[in-house]
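Take a look at the structure set out below.
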Amino acid sequence: MPTVSVGRDRLFAALGRTYTQEEFEDLCFSFGIELDDVTTEKAIVRKEKHLDEEEVDEDEEIIYKIEVPANRYDLLCLEGLAQALRVFCEIQEIPSYRLSDISKNAMLKMHVKPETSVIRPFVVCAVLRDVTFDKARYNSFIDLQDKLHQNICRRRTLVAIGTHDLDKLEGPFTYEALPPSSITFTPLKQERNFRADELMEFYKSDLKLKKFLHIIEDSPVFPVLYDSKRTVLSLPPIINGAHSAITLETKNVFIECTATDLTKAKIVLNTMVTAFSEYCAHKFIIEPVEVISYDGKSNIYPDLSVYNMEVSLSYITGLIGVSLEAEEVTKFLNRMQLHAKQSTSNKKQCNFVVYVPPTRSDVLHPCDVMEDVAIAYGFNAIKDKAVVDNKGSKRLAASLTLLPLNEISDLIRKEVALIGFTEVLTFILCSKKENFAMLNRKDDKSKAVIIGNPRSSDFEAVRTSLMPGILKTVAHNKDHPKPIKIFEVGDIALLDDNRDVGAKNLRQLAALYCGANAGFEIIHGLVDRVMEKNGVPFVSPGDKSGYYIERSDEPEFLAGRQARIIYKGNHAGTFGIVHPEILNNFDIPDPCSFVELNIESFL
C-alpha cells in the first residue's frame with residue numbers, strides 16, 4: 001500500500017479545522033485509510049543525511065505518513081487527500097471538472113509521428129492555466145509525479161510524465177522517435193548539451209535515473225518531444241529538458257504523458273490535472289490539447305467525461321448486510337465523491353444511476369459502489385440483524401459461513417493442538433535445494449512452481465511439501481527442550497496443466513515429533529486420531545469405505561519405517577521416521593518422525 005507524507009498543519013488548514021491525533025486516526029479509519037506514522041521534518045532529514053539532531057537547521061514540522069489504497073491514485077498527494085476528506089466530512093460539494101471553453105482551432109496541437117509506434121506509441125496532454133505555486137504546492141506537484149511513476153506507471157515502463165513551463169515553449173508540438181545520435185539537448189539540472197546516446201552513458205552513474213535507462217537504451221530510436229522551434233521538451237521516460245523546467249514563478253503548465261498503455265496514460269493525466277486545477281485562477285477548469293495521430297485521427301485530452309453505472313439497491317444492501325433507504329445510499333455515495341440518483345428505468349426495483357468522476361478510476365464494477373457505501377456507512381456499524389434479500393426472504397445479515405475447506409482446517413488445527421502439538425507457520429516459498437535435493441527427491445520439472453527472477457536463492461520455488469519448513473523450524477530450535485511436537489496446516493502448490501493458471505493449491509496437514517527416540521508410534525497415533533475425528537474408519541486393504549496403511553518407499557523416510565495412507569482407494573498421505581541423511585542435511589541431531597496428509601481428501 002502506498003504511503004503519502006503530508007505536513008500535519010498544512011493538511012489541517014486544508015481541512016478547515018485541527019484534530020487531535022486520536023481524532024484524525026478515527027477519521028482515517030472511517031474513510032478507509034490509515035495514519036501509519038507520525039514523524040518530523042528533522043527526523044526525516046536526520047535519517048536521510050545521517051546527521052545528529054543539533055546539526056539540523058530545518059524548521060520543526062510534524063509529518064503524517066498516511067497509508068492509502070493502491071488503486072486510489074487521487075489520494076497520492078495532499079490536494080487529493082484533503083479534498084476527498086472534505087467531501088467525506090460534508091464540508092465541500094463534489095467538484096465538477098470541465099474543459100475550458102476554447103475552440104478546436106485555438107487549442108494547442110501535439111502531432112504524433114509514425115516512428116513512435118515501435119517504442120512508446122501514445123501521448124496525452126493538457127494545460128493548467130494561471131496556476132499559483134508556492135514552495136509547498138510545488139513540492140507536492142513534483143512528489144505526485146514520483147508517486148504515480150512508482151505506482152500505476154510501473155516505474156515509467158507504462159507511462160512517463162513530463163511537466164513544462166508553457167511560457168518558455170511555442171506550439172504546435174511534435175512527438176517523434178529518432179536515432180539517439182540525432183537528438184541533442186540540455187537535460188534538467190545540467191548546463192551543457194548532450195547527445196541522447198551520450199546521456200545514456202552519463203546517467204549510468206546516476207542513482208535515481210539509471211534504473212530507467214533499460215526501458216529505451218537498446219532501441220534503435222528514442223522517443224522525444226519538440227516544440228515548433230525544435231526545442232526538446234523531454235526524452236521520455238528518462239529526463240525533461242532544462243529549457244522548459246517549471247519553477248515557483250511558472251504560471252502555465254504543459255503536461256504530457258507518453259505511454260505504452262493509453263488507458264493508464266489517461267488516468268495519470270486526469271490525476272495530475274484534477275489534483276492541481278484547484279490552484280488555477282479558474283478552479284477545476286483544464287485547458288485541452290488536441291493530439292493528432294500520424295494516420296490523421298484526432299483526440300482531445302484530457303478526457304474528463306463522467307461515466308454512468310446502474311446499481312440496484314438490493315445488490316448494495318444484500319452484500320453489505322444492512323437495510324438502507326434509497327436516500328441514505330445516495331447520501332453515502334455523495335460522501336465518497338460519487339453522484340447518485342434514483343433510476344426510473346426499472347419500476348419493479350429500486351436502482352441508482354451512479355456518476356463516476358474522472359478522479360475515481362478505481363470504480364469499475366457495482367461491487368466498487370457497494371464498497372464505498374459500506375465505507376461511508378461504517379464497517380463497525382454493520383451488525384448481525386435480519387434483512388430482506390432480493391428474493392424477498394429474510395436472512396441473518398453479516399453472518400458469513402466458512403468455506404468447507406477452511407472449516408475442516410480449523411477443526412483439524414484444534415484437534416491436533418489438543419493432542420499436545422504446537423502450531424507453526426512457515427514460508428510458502430523455499431529454495432529448490434530445500435524442496436528437492438535436501439529431501440533426497442529428484443526434480444523432474446513436473447511438480448514445482450518456479451519463481452521467475454527471484455530476489456533470493458531462499459525463495460526460488462513454491463513448496464510442494466510442508467516438510468522443508470517444518471524441518472527448518474526444528475533446525476532453528478534444536479536447543480529447545482525435547483520432545484519437540486509441532487504441526488502446520490497450510491497450502492502447497494503443484495503444476496497442473498488442466499488449471500487455467502497452470503497450477504493448483506492443496507491444503508495439507510503436517511506434523512513432526514522430535515525427541516530422544518523417533519516417536520513413530522506417536523505420529524501413527526496422530527494419524528489415527530485425525531481419521532477418527534473425521535469419522536473415517538480403519539478398514540482392510542482394498543476396502544474403499546475408510547482408510548488403511550500400506551508399505552511405502554519414499555526417499556525422505558527410513559526404509560521399512562514408513563507407510564502410505566490410503567483413503568477411499570486414493571493416496572492421501574505418508575508418515576514415517578525421517579531418514580538420517582535428511583536430518584543431517586537440515587543439521588538436526590535428534591531422530592524425528594513426520595506425517596503429511598492431504599486435508600482436501602476429506603471433503
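The values are calculated or read from the model by the stated rules, or taken from the named source; none is laboratory data. Everything numeric here is computed off the predicted structure, so don't read it as measured data. We place every Cβ from the backbone using ideal geometry, glycine too, and count neighbours over all the protein chains shown. These area figures cover heavy atoms from the full protein model, side chains too; ligands, DNA and RNA do not enter into them. Shrake-Rupley method; radii C 1.70, N 1.55, O 1.52, S 1.80 Å.
Take the Cβ-Cβ distance between Glu61 and Lys189 as r, set R0 to 35 Å, and report the resulting FRET efficiency rounded to the nearest 0.05.
For R0 = 35 Å, the calculated efficiency reads 0.85.
For the pairs Lys445/Lys568; Lys211/Lys504; Lys135/Lys204; Lys65/Lys113; Lys208/Lys229; Lys104/Lys264, note any where the Cα-Cα span goes beyond 32 Å.
Check vs 32 Å cut-off fails for Lys211/Lys504; Lys65/Lys113.
Between Asp491 and Lys251, what length comes free when the chain is fully extended (0.36 nm per residue of separation minus the Cα-Cα distance, one decimal in nm)?
80.7 nm
Based on the mean of other beta carbon atoms within 10 Å per residue, what is the order of 107-113, 436-442, most packed first?
107-113, 436-442
In nm, to one decimal, how far is the Lys414 label point from the Lys283 one, both placed 7 Å along Cα→Cβ?
Each label point lies 7 Å from its Cα, and together they span 5.7 nm.
Hey, quick one: spin label on Phe427, modelled 7 Å out along Cα-Cβ, who in region 493-520 has an amide N within reach, i.e. under 18 Å?
Only 493 fall inside the zone, counting backbone N under 18 Å.
Compute the signed sum of charges (Lys and Arg +1, Asp and Glu -1) over the other residues within less than 12 Å, Cβ to Cβ, of Gln21.
Counting the neighbours of Gln21, the net charge comes to -4.
With only alpha-carbon atoms in the gyration tensor, what are the semi-axes of the equivalent ellipsoid for region 241-316, in Å, largest first?
Semi-axes, largest first: 29, 20, 12 Å.
How far apart, in nanometres, would the label points at Lys533 and Ala13 be if each is projected 7 angstrom from Cα along the Cα-to-Cβ direction?
Label at Lys533, label at Ala13, 6.2 nm between them.
Would you mind computing the Rg to Rh ratio of region 473-521 from its alpha-carbon coordinates, Kirkwood style for Rh?
1.21
Taking 0.36 nm per residue of separation and subtracting the Cα-Cα distance, what length does fully extending Glu521 through Glu93 add?
Between Glu521 and Glu93, full extension yields an extra 147.0 nm.
What is the sum of charges, Lys and Arg at +1 and Asp and Glu at -1, for the other residues whose Cβ falls under 13 Å from the Cβ of Gly469?
Net local charge, Gly469 excluded: -4.
So how far apart, in nm, are the two label points at Ile382 and Glu34 if each is 7 Å from Cα heading toward Cβ?
Placing both labels 7 Å beyond Cα along the Cβ direction yields 1.8 nm.
Beyond 15 Å, how much of the Cα-Cα pair distribution for region 129-177 remains, as a whole percent?
61
Among 447-458, 365-376, how do they line up from the highest to the lowest mean number of other beta-carbon atoms within 10 Å?
The packing order, highest mean first, is 365-376, 447-458.
Provide the net charge surrounding Asp143, with neighbours chosen by a C-beta distance below 11 Å and charges set as Lys +1, Arg +1, Asp -1, Glu -1.
0
Zone of Asp295 (label point 7 Å along Cα→Cβ, backbone N under 15 Å): which residues in region 259-286?
Under 15 Å, as judged by backbone N against the label point of Asp295, lie 262 of region 259-286.
Go ahead and run the numbers for FRET between Ala242 and Phe459, Cβ-Cβ distance against an R0 of 45 Å, rounding to 0.05.
0.55
Ranked from highest to lowest mean number of other Cβ atoms within 10 Å per residue, what is the order of the peptides 316-327, 255-266?
255-266, 316-327
Could you work out what % of the accessible surface of the chain is carbon and sulfur, using a 1.4 angstrom probe and leaving DNA, RNA and ligands out of the count?
Using a 1.4 Å probe with all protein chains present, the chain comes out at 49 percent carbon and sulfur.
Okay, helix-only estimate at 222 nm for the chain: each DSSP H run of n ≥ 4 adds -39500 (n - 2.57), divide by all residues, round to 500 deg cm²/dmol; what do you get?
Roughly -8000 deg cm²/dmol at 222 nm, from the helical runs in the chain.
Where the Cα atoms of the chain are projected onto their three principal axes, how long is each span, largest first, in whole Å?
Extents along the principal axes, in whole Å: 89, 65, 61.
Expressed as a rounded percentage, what relative contact order does the chain have, with Cα pairs under 8 Å and six or more residues apart?
11
Could you calculate the contour length gain from Arg230 to Ser312, that is, 0.36 nm times the residue separation minus the distance between their Cα atoms, to one decimal place in nm?
24.1 nm
What FRET efficiency would be calculated for the residue pair Lys504, Arg155, taking the C-beta separation as r and a Förster radius of 30 Å, to the nearest 0.05?
Efficiency computed from Cβ-Cβ geometry: 0.40.
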